[in-house]
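Novice: First the structure, which I've put down as structure tokens, then a few questions once you've had a look.
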Amino acid sequence: MKETRLGEFEEVILLLVGILGEEAYAFKIAEEFESQTNRSVSIGAVHSTLNRLEDKGFLTSEMGKSSAERGGRRKRIYTITASGERALEASRDFKLSLWRQYPAFATGKLDFGLK
């Protein structure tokens, strides 16, 4: 049986694929990860995570058109599947549920729009 939960890094990568749309290829995803998180990431970690997400059925990929800027090489473009969207939604809902149970939020001491 395939694992259907998302690890934190997988979740971020999957979200970035959705954010980048037609520009969701490994190098661009790595750049966006570093920009959004202020953390470095190896291209190998991005590739292995994209492959794992594709194996889980959360992503599909296809080869894009070749470009002169890449010496005629093509990019593998990733797209979130319906299953991937459901996994993101479940992950978000679970985390929001936990945040709502956190006493500091439940008592109204802290409010970050989680009500």
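Here, each number is a calculation from the coordinates, and none is a lab measurement. Only a predicted model underlies this, so the values are computations on that prediction, with no experimental measurement involved. For neighbour counting, all protein chains shown are included, and Cβ atoms are generated from backbone atoms with ideal geometry for every residue, glycine included.
Novice: Taking amide H positions as placed in the peptide plane 1.01 Å from N, state which residues far from Arg76 in sequence (5 or more) or on other chains have amide H under 5 Å from it.
Specialist: Here the answer is Ala26, Gly64, since their amide H atoms fall under 5 Å of that of Arg76.
Novice: Using Cα-Cα distances under 8 Å and only pairs 6 or more residues apart, what relative contact order does the range 8-82 have, in percent?
Specialist: Taking the mean separation of contacting Cα pairs over the length of the range 8-82, I get 33 percent.
Novice: How long is the gain from Asn51 to Arg74 if the chain were fully straight, where each residue apart is worth 0.36 nm and the alpha carbon distance is subtracted?
Specialist: Fully extending the segment from Asn51 to Arg74 adds 6.6 nm.
Novice: Which aspartates and glutamates have a Cα lying under 16 Å from the Cα of Lys65, excluding residues fewer than 8 positions away in the same chain?
Specialist: Partners found: Glu22, Glu23.
Novice: Would you mind counting up the charge near Ser40? Only other residues with Cβ under 14 Å from its Cβ, with Lys and Arg at +1 and Asp and Glu at -1.
Specialist: Local charge sum for Ser40: -2.
Novice: Give the shape of the range 8-82 as rounded, prolate or oblate, defined through the alpha-carbon gyration tensor: a ≥ b ≥ c are the square roots of its eigenvalues, a/c under 1.5 means rounded, and otherwise the shape is prolate if a/b is larger than b/c and oblate if not.
Specialist: Oblate shape, in that a/c is at least 1.5 and b/c is the bigger or equal ratio.
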